[in-house]
Ligand code: ADP
Ligand code: MG
């Protein structure tokens with residue numbers, strides 16, 4: 001019997017994954033926010049869903065239905081009130097904060113308004129950051145960062161601080177940062193919301209390429225242009241999964 005079976009309570013990042021599990025499994029996940037003592041919001045209400053490796057998923061639903069909470073859960077930015085989240089065949093509920101950020105940094109690319117750029121790093125350094133974490137050599141980092149900034153049209157802004165850029169430009173830097181790390185999972189919350197049509201199409205193209213390379217991609221969006229790109233729709237309504245109109 002293997003060491004990890006003897007002591008299941010010590011499951012950590014290095015626990016061998018269950019190969020039969022999907023990359024993402026939400027099991028009866030609920031998330032309750034208590035704004036004050038007599039009022040609570042059930043942002044997610046008993047959501048169970050599997051997302052398989054390499055799937056390309058769009059998440060939609062009316063404002064306030066739990067889309068951002070759903071994505072934050074998957075990206076380990078938030079923890080459920082109840083239920084269990086399995087990532088890469090491992091339960092995530094016993095991970096420490098350090099382990100959660102390790103998993104997030106290595107496996108997940110995030111394009112979130114709430115997961116901002118680092119203000120005292122330059123645009124270049126922000127995009128380089130996930131590559132440094134992955135131990136990629138300096139010469140390759142430079143090639144990849146230069147290519148990413150060129151693709152999002154921000155080469156001239158490489159030495160600027162994010163605070164000096166427009167909201168749309170900051171969004172593009174976040175996309176460049178998420179994409180250059182070639183994450184196994186890419187999560188994006190309304191990524192084309194701030195962008196003009198040309199920048200939006202460039203972004204979609206980058207997402208498609210990452211997906212074609214095998215990544216699992218999950219995008220919260222209302223933008224109808226994603227219809228052509230994704231393979232699957234997840235609809236949320238009042239924190240619950242709504243039936244897909246397929
Ligand atoms: P969506 O992204 O679909 O607009 P959210 O996931 O942001 O929805 O929010 C779902 C519900 O949870 C909303 O009612 C929202 O007000 C509430 N909510 C989200 N985050 C918090 C929070 N940190 N504290 C309190 N309530 C929250
Ligand atoms: Mg939202």
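Miscellaneous remarks
- Helix axis angle, 97-107 relative to the chain longest principal axis, alpha carbon, degrees: 60
- Based on every Cα atom in the range 106-163, Rg and the maximum pairwise Cα distance Dmax equal 11.3, 31 Å.
- Compared with the dominant principal axis of the Cα atoms in the chain, helix 138-151 is inclined by about 80°.
- Virtual paramagnetic centre 7 Å along Cα→Cβ of residue 79, amide N under 16 Å, in the range 17-54: 29-34
- Residue 63 versus residue 156: modelled label distance in nm, points set 7 Å from Cα along the beta carbon direction: 3.4
- Pair residue 48, residue 121: separation of 7 Å Cα→Cβ label points (nm): 4.0
- Compared with the dominant principal axis of the Cα atoms in the chain, helix 197-212 is inclined by about 60°.
- Relative contact order %, the chain, counting alpha carbon pairs below 8 Å whose residues are six or more apart: 27
- Cβ-derived FRET efficiency at R0 25 Å, residue 28 paired with residue 94, nearest 0.05: 0.90
- Relative to the compact-globule estimate of 2.2 N^0.38 Å, the Cα radius of gyration of the chain comes out at 1.03.
- Taking 0.36 nm per residue of sequence separation and removing the Cα-Cα distance, the residue 38/residue 166 pair yields an extension gain of 42.1 nm.
Quick note: the coordinates plus some simple rules give every number you see, no bench work behind them. None of the values given here were measured: they were computed from a predicted structure. So basically every Cβ, Gly included, is an ideal-geometry build from the backbone, and we count neighbours across all protein chains shown.
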